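Please read the structure below before turning to the comments.
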Amino acid sequence: MLYICPTQVSIVQEDTMDFSQYVELHRARIYSKICYYIPIREPEEHYLIVRDYSDRQGKYRRPGLLMLAGELFGASPEKLILPAAAMQLSEDWILMHDDFEDDSSTRRGKPALHKIYGYAQAINGGDAAHIIMWKMLGDYSKEYLSVGFGLYDKFYEMLTKTVEGQYHDIKFIHTTKRLRGATEELYFKIASLKTSYYSLYGPMQLGATAAGAPEEAQNLLQKIGEPAGLAFQIIDDVLDMTSDEKTFGKQRYGDLYEGKLTLIVLHAYENASASEKERMDLIFAKERLAKTDDDISFLVSTIEKYDGIGYAKNTAEEYGGKAEEALARAAGILPENEYSPILHSAITEMFRRKI
């Protein structure tokens, strides 16, 4: 069932607003802009596929960060809606591709796109959304000549680093396929490329770019967003282990089924006995569909035995603290206005979230 694309949204000013409320304030306009660029036309099924993940609507954290940073530096919401929509659409098409690369079963509480339409149509739908995203950014560049091409280049750089991170992730899952020799250094390399840049400081830098913020401010946003993104990814790994599927919107233990590298499983492997390590590697060598319930139960019990989740939570708190320290050091350089406390809320939410 399709969402109705809204054309107007009622803006309610709150005395105090956290990041989640800020996102909801702008969600409808961002989604409406995506609908404008992807109308349902002939061939109808094709555009239903292209719009599918957009119509399911994610958390909108990334476009929310873009708009928040832009408004922090003085840009109007009207100037930020289109790049925010492009940011969200980038997440949608990346997830289309990511889900069939990992053979994920669910996304945002429903079957993954390739489970509904098949691999070929899911790939094609992701390609179409990717093309439309660049059309959005091209239109923005033409409308806002002073900042548009800088934003376009930043978007290109961010996505280039994201797919480099995906390369390392895919290589581990489909080629390495074992924990022996894997390191936390590799984990943090993947998380830095795929999460810190794409999910935290990249969107903030895009918003700052749209507002014409100076280079010094851009660098500060990176120093804040880098550790916040690492904390965000670690907590995402924890939620994969602890959240119910209805709440999280994805299969529980999906990372174990997919054979992903996480701090949780790395810590358990490092402390495991020789026989436990051998079995863990044998399980990671299996394809997703070949993993049995007993395999997953063994991994879960081994993680519990060596408190992999506790280790990950403590590490997330460490990086979250670094992000908060960086935010405090930015005082006096980043603008102080009504958006400053929302930025604090956004950074804190990244590593203290429950879903």
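So here's what we get for this one:
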item	result
Whichever residue in region 310-329 is surrounded by 19 or more Cβ atoms within 10 Å (Cβ to Cβ) and hydrophobic (A, V, I, L, M, F, W, C) and, among such residues, is farthest from GLN218 (Cα to Cα)	ALA312
The listed residue being β-branched (Val, Ile, Thr), at negative phi and either modelled with pLDDT of 95 or more or buried (at least 21 other Cβ atoms within 10 Å of the Cβ) (or both), out of THR247, THR292	THR292
Filtered residues of region 142-173 (kept if farther than 22 Å from ILE94 by Cα and surrounded by fewer than 17 Cβ atoms within 10 Å (Cβ to Cβ))	LYS142, GLU143, LEU145, SER146, PHE149, GLY150
Pairs, first under 13 Å from ILE116 (Cβ atoms) and at pLDDT 95 or above in region 43-60, second among the acidic types (Asp, Glu) and assigned to a helix (DSSP H, G or I), C-beta under 7 Å, six or more apart	TYR53/ASP92
Inter-residue pairs, beta-carbon under 8 Å, first touching a residue at least 24 places away in the same chain (Cβ under 8 Å) and in region 136-158, second β-branched (Val, Ile, Thr) and in a helix (DSSP H, G or I), 6+ apart	VAL147/THR209; GLY150/THR209; LEU151/THR209; LYS154/THR209
Qualifying positions in region 114-131 - crowded, with 21+ Cβ neighbours inside 10 Å and in contact (Cβ under 8 Å) with a residue 24 or more places away in the chain	ALA122, GLY125, GLY126, ALA129
Residue check, ALA330 of a type in the set (A, V, I, L, M, F, W, C) and in contact with a Lys or Arg (Cβ under 8 Å, 6 or more places away or on another chain)	yes
Matching residues, region 273-294, being of a type outside the set (D, E, K, R), touching a residue at least 40 places away in the same chain (Cβ under 8 Å) and in a helix (DSSP H, G or I)	MET280, PHE284, LEU289
Of all residues making up region 1-42, the number that are within 22 Å of TRP134 (Cβ to Cβ) and at pLDDT below 95	1
Pairs with Cβ under 9 Å, 6+ apart, first in region 208-226 and in contact (Cβ under 8 Å) with a residue 60 or more places away in the chain and under 18 Å from TYR144 (Cβ atoms), second crowded, with 20+ Cβ neighbours inside 10 Å and polar (S, T, N, Q)	ALA213/GLN205
Members of region 28-45 found to be assigned to a helix (DSSP H, G or I) and loosely packed, with under 15 Cβ neighbours inside 10 Å, listed by number	TYR36, GLU44, GLU45
Residue within region 11-22 that is in contact with a Ser or Thr (Cβ under 6 Å, 6 or more places away or on another chain), of a type in the set (Asp, Glu) and either outside any helix (DSSP H, G or I) or surrounded by 22 or more Cβ atoms within 10 Å (Cβ to Cβ) (or both) present	yes
Residue match in region 257-270 (condition: part of a loop (DSSP other than H, G, I, E, B), in contact with a Lys or Arg (Cβ under 8 Å, 6 or more places away or on another chain) and within 27 Å of LYS115 (Cα to Cα))	yes
Scan of region 98-113 for residues that are surrounded by fewer than 21 Cβ atoms within 10 Å (Cβ to Cβ) and over 16 Å from LYS260 (Cβ atoms), ordered by number	ARG108, GLY109, LYS110, PRO111
Meets criteria (part of a helix (DSSP H, G or I), more than 21 Å from THR195 (Cα to Cα) and among the charged types (D, E, K, R)) for ASP139	yes
Positions within region 174-221 being among the small types (Gly, Ala, Ser), closer than 30 Å to LEU289 by Cβ and surrounded by fewer than 17 Cβ atoms within 10 Å (Cβ to Cβ), in sequence order	GLY181
Residue under evaluation LYS161, criteria (1) under 30 Å from TYR269 (Cα atoms); (2) more than 22 Å from the chain's Cα centre (by Cα); (3) of a type in the set (Lys, Arg), criterion not met	(2)
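The values are calculated or read from the model by the stated rules, or taken from the named source; none is laboratory data. Quick caveat: nothing in here was measured; it's all calculated off a predicted structure. All Cβ positions, even for glycine, are placed from backbone atoms using ideal geometry, and neighbour counts span all protein chains on display.
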